[in-house]
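Okay, structure first, notes after.
The values are calculated or read from the model by the stated rules, or taken from the named source; none is laboratory data. Source: prediction; values computed, not measured. Virtual Cβ from ideal backbone geometry, glycine too; neighbours counted across all protein chains shown.
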Amino acid sequence: MPTRICRRASLASKLSRAHFSNLMYGVIPSRIKGPGFEYVDLREYSPGDDIRFIDWRASARMIKPDGDYRLMVKEHLLERLVNNIVVLDYSKSMLYGDKIESAIYVLTGFLSIAHSLGDIIDLIILHGEKPLIKHGLNPLEAINFSLNTICKVDPSGSIDLIKLSNYVKNLRNRETLLLITDYAHYPIEFEVLATTTHAMNTGLGIVLVSTMLELNPPSLDGYHVFYDLEKLGSELKTMVSEYYRAVKTHIIKTKTVLAKTRTPYIEIKGLKDAMYKKLRLLKLYSITRIRYKRY
């Protein structure tokens, strides 16, 4: 199993690195003028300024008495480097379909953005009874550590987000927490996590990974036995239509909690959907990384 998962995860990670390396990243401003992306002022061009920041329309209006133009460049707010937490759910429920590949694509995308901005990462991999926690990683180190972990061990255990909340309480002065997980949690767990991060003045963003088969019932109904991968011996005997009706109700309750707590989230329905939503993932990282800017 680890070999197959490792190969698929590695390919998804390489694909993500290629995609996100070509994106123009949103940034967080400080109060210092410099090469950022939030416009604040115009000034006259000086030798050595980046020509990409020349405002040609403003320059056309700045005509000198001799008829020559005054080149004007845009001034921006300088980026401020931050320490963020990225959490990957690597429990048994992530074995279904291509959820692991989707999760690794998202994880690598977030960490690629973090690398571009020079952010520091605290990485938490939820696996088994005790999570794997690495502090103060370079984002590229975090990618390698995640892939090495996936290539060594299978997904295991069930994840309780309330326990994650308790771990997070010890991580003070972190700008944001980005959680990559699935719907296999009670809605109250998301509410507790949102309340915890809010009390810590830490931004929270969530990516909910699923598959189309999880969300959409097959065309044929019938009586089936459904097994819970996270709980050995746990099974549910019911009609397919009844099962998917319960799944839909659970998802609605989860989204209601996220809306109530004003937690930004993105639903990913497979690897192809993750690729399609890469700009939304970029926006999620950019906005949640700024504590005072929320959806």
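In this structure, does Leu147 turn out to be over 14 Å from the mean Cα position of the chain (by Cα), buried (at least 17 other Cβ atoms within 10 Å of the Cβ) and over 22 Å from Leu204 (Cα atoms)? Criteria met by Leu147. Being among the aromatic types (Phe, Trp, Tyr), without any contact (Cβ under 8 Å) to a residue 60 or more places away in the chain and within 21 Å of Thr256 (Cα to Cα) is the filter here, so list the residues in the range 155-203 that pass it. Result: Tyr186, single match. Checked against (1) out of contact with any Pro (no Cβ under 8 Å at 6 or more places or on another chain); (2) under 19 Å from Met94 (Cβ atoms), Val168 passes all but condition (2). Across the range 76-91, the qualifying residues are those that are of a type outside the set (A, V, I, L, M, F, W, C) and either surrounded by fewer than 16 Cβ atoms within 10 Å (Cβ to Cβ) or at pLDDT 75 or above (or both), and the one among them that is farthest from Leu111 (Cα to Cα) is Ser91. Going through the range 254-277 one residue at a time, which ones are closer than 16 Å to Leu179 by Cα and within 14 Å of the chain's Cα centre (by Cα)? If the condition is that a residue be closer than 16 Å to Leu179 by Cα and within 14 Å of the chain's Cα centre (by Cα), then Thr263, Pro264, Tyr265, Ile266, Glu267, Ile268, Ala274 are the ones that fit.
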